[in-house]
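The values are calculated or read from the model by the stated rules, or taken from the named source; none is laboratory data. Just so it is clear, the structure is predicted and the values come from calculations on it, not from any experiment. Please note: Cβ atoms are built from the backbone with ideal geometry, for glycine as well, and neighbour counts cover all protein chains shown. To get the accessible areas, we keep the full protein, side chains included, count just its heavy atoms, and leave off ligands, DNA and RNA. Shrake-Rupley method; radii C 1.70, N 1.55, O 1.52, S 1.80 Å.
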Amino acid sequence: MSLSFTKQILIIMLFSILFNAYYAYIAQQGTQSAEISYSRFRSELTADNIKKITIKGAAVTGEFRAKTKVSGQAQGKTADRVVSLFSTFMPAISDQTLMSDLTLHNVEVTAISTESSLLVNILIGIAPWLILAGLWWMGMKSMRNQGPGGVLGGLSRSGAHTYTMQEKGQVTFDDVAGMADSKQELKEIVDYLRNPKKFERIGGKVPKGVLLVGPPGTGKTLLARAVAGEAGVTFFSISASQFIEMFVGVGASRVRDLFDNAKKAAPSIIFIDELDAVGRSRGAGFGGGHDEREQTLNQLLSEMDGFDQHQEVIVLAATNRPDVLDPALLRPGRFDRHVVIERPDWRDREKILQVHVRKVALADGVDLSIVARGTPGMTGADLENLVNEAAILASREDASAVSMEHLDKAKDKILMGGERKMFITPEEKRITAYHEAGHTLVASLLPGTDPIHKVTIIPRGMALGVTQQLPEDDRYHYPQSYLEKRLAVIMGGRVAERLVFGEVSTGAQSDLKIVTDLAEKMVCQWGMSDKVGAMTFSRGEEHPFLGRKLAEEKSFSEAMAWRIDQEIATFISRAEQKADDLLSVNRVKLDLLAEALQQEETLDGARVDEIIGSSTLKISAR
Ligand code: ADP
Ligand code: ZN
């Protein structure tokens, strides 16, 4: 639905050229004559220097008898000019004696009706708008040609792209690395779409709707595309948030239109991304979008029910929050089949990397399994990004191939953000060094926390310094003890600052937010507080669509709310106390780490161990 980037640039350029030309024309009209003040005009009249004037409304133009020097604006500069023509405006206060003075000085007076000039003025006034509208119209036209549902037609159309087999983007299961189970489950649908007749003869029952459940970036869209590619059918894809518009009823008509198109193109696949944007439980809505979302959802439900037996249209939808979906969506005949897509384990990560390094030249000695093992938690999208970043780094260095080192740097960039150049005073550097040393030391001293991957005081992303921990292996469960240690590690930065400088700085702000969110989840979602008990509360739950918290209706009492607050505070202060104890006792190590950080700026895990280890030796030697 979007114009290509270059086209947009071209249109913007065209615009500015037209506008400049237009204003240059307007400005140029004033060059032979000069605009003078009305009082100057009066004094010239008294001096008998006015030959003739033309009055058009309040605007007066005229000719001097002799060329006259005036100072005026020309091309943005103030300069004295000698002109024979002038223009001025009559003040709103009517000049009673003007006419008699004009007659007295023998000035030739012409009056022009303002009517005609009004028309010209209007024309000049709307010219740029006409151009604008024209360009807009042209833009829309080209957008509409790209798919069924440009913006003009968008009020009634779906805005879906169609990807037919012949077009680009022919994706097959080969392009989707790993996910063997998910692929197996979707094979059935591919078989059906390839040969529906055969399938029906055998009497197989084909699901109409399949829900792909998994975190963002794990390849749900890719998988849906691959199903269409394998089956060789038309692929319609839309993000559910595109259904929701400002106007009530638009979403529903878009749904109708999308399904109409898909039925016409059958056999086909409809892919709806972010299904939870429309599919959230009815009644859980908020504000004005409520009605619209409900209508859209109802339309979606009735379309899915309306398929008859022989319509070979399969609806795939993606979400990472199946729990918030309206139960009506999950009923038999609708999205009754679920395919869960997990974050890839290291074997799958290696396969995903293999898919994405097809396009780049790899140096000898690159071992993708090492990269795969070192990137727990990363999704397919992250890994694609990693290969991409590494290739960019390599080409920036004019290297002939991507090396292990490039991949490593790319990983750091993705994990910790890009390095930023900014001026930092030695004092700030010292504070940051102690802050990061605090995180690092608490993490190193507490058994069972994730090992330190890297710690740096080079500003990265939004932060002045970063301590990056990386689990050794893929993690699926987080025991409470692990999370409590995690809280202590995050508090470590702030605690170190207070210990050394006697006060905290603003640098710990984002740490506090993370700590609060984590503690809130521990209490409200994972039932880790004895006082609150094994219950879950909607508190601390992020709105999946907006990605932030909403003031939702509370389903618990004020007394419980108070207790929750108390418990969150307790969790945090306990963690702070733990960090404080550890750092006070190990002050020597803290100093050593901070010192090393100020000198070396970035330490990796091994170096951190070395520094802490050596200090242990020193202490025990004393
Ligand atoms: P989702 O729809 O789950 O948010 P996408 O399908 O949009 O994720 O994935 C984004 C990108 O990540 C894909 O275009 C693809 O390049 C890459 N990717 C994700 N998973 C895989 C995978 N299993 N194999 C290869 N590439 C993958
Ligand atoms: Zn911090």
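For the reader, a short list of remarks on this structure follows.
- Efficiency of FRET from Cβ geometry, Ser16 and Thr110, R₀ 56 Å, rounded to 0.05: 0.90
- Whole-Hz ³J(HN,Hα) from phi, Karplus 6.51 cos²θ - 1.76 cosθ + 1.60, for region 479-494, glycine and proline x: x, 4, 4, 4, 5, 5, 5, 4, 4, 5, 4, 5, 6, x, x, 5
- For region 468-504, trypsin sites (Lys or Arg not before Pro) meeting the loop criterion (DSSP other than H, G, I, E, B) and having at most 14 other Cβ atoms within 10 Å: Arg475.
- Rounded accessible area of Asp191 (nearest 10 Å², 1.4 Å probe): 70
- Rounded FRET efficiency, nearest 0.05, which uses the C-beta distance separating Glu419 from Asn388 and R0 of 22 Å: 0.80
- Against the compact-protein benchmark of 2.2 N^0.38 Å, the Cα-based radius of gyration of region 346-416 scales to 0.97.
- Computed accessible area, Met304, all protein chains, 1.4 angstrom probe, square angstrom: 0
- Computed with every protein chain present, the accessible area of Tyr482 is close to 20 Å² [probe 1.4 Å].
- When Lys220, Lys521, Lys409 are compared by accessible surface with a 1.4 Å probe, the order from highest to lowest is Lys409, Lys521, Lys220.
- Percentage of interatomic Cα-Cα distances in region 435-505 larger than 19 Å: 36
- Accessible surface ranking that places the most exposed of Met13, Met90 first, with a 1.4 angstrom probe: Met13, Met90
- Accessible heavy-atom area order of Ile93, Ile112, highest first, probe of 1.4 Å: Ile93, Ile112
- Under 13 Å from Lys264, Cα to Cα: aspartates and glutamates that are on another chain or at least 8 residues apart: Glu312
- Put simply, when 120-132, 256-268 are sorted by average Cβ atoms within 10 angstrom per residue, most first, you get 256-268, 120-132.
- Kirkwood Rh in Å, taken over all unlike Cα pairs in region 426-612: 17.4
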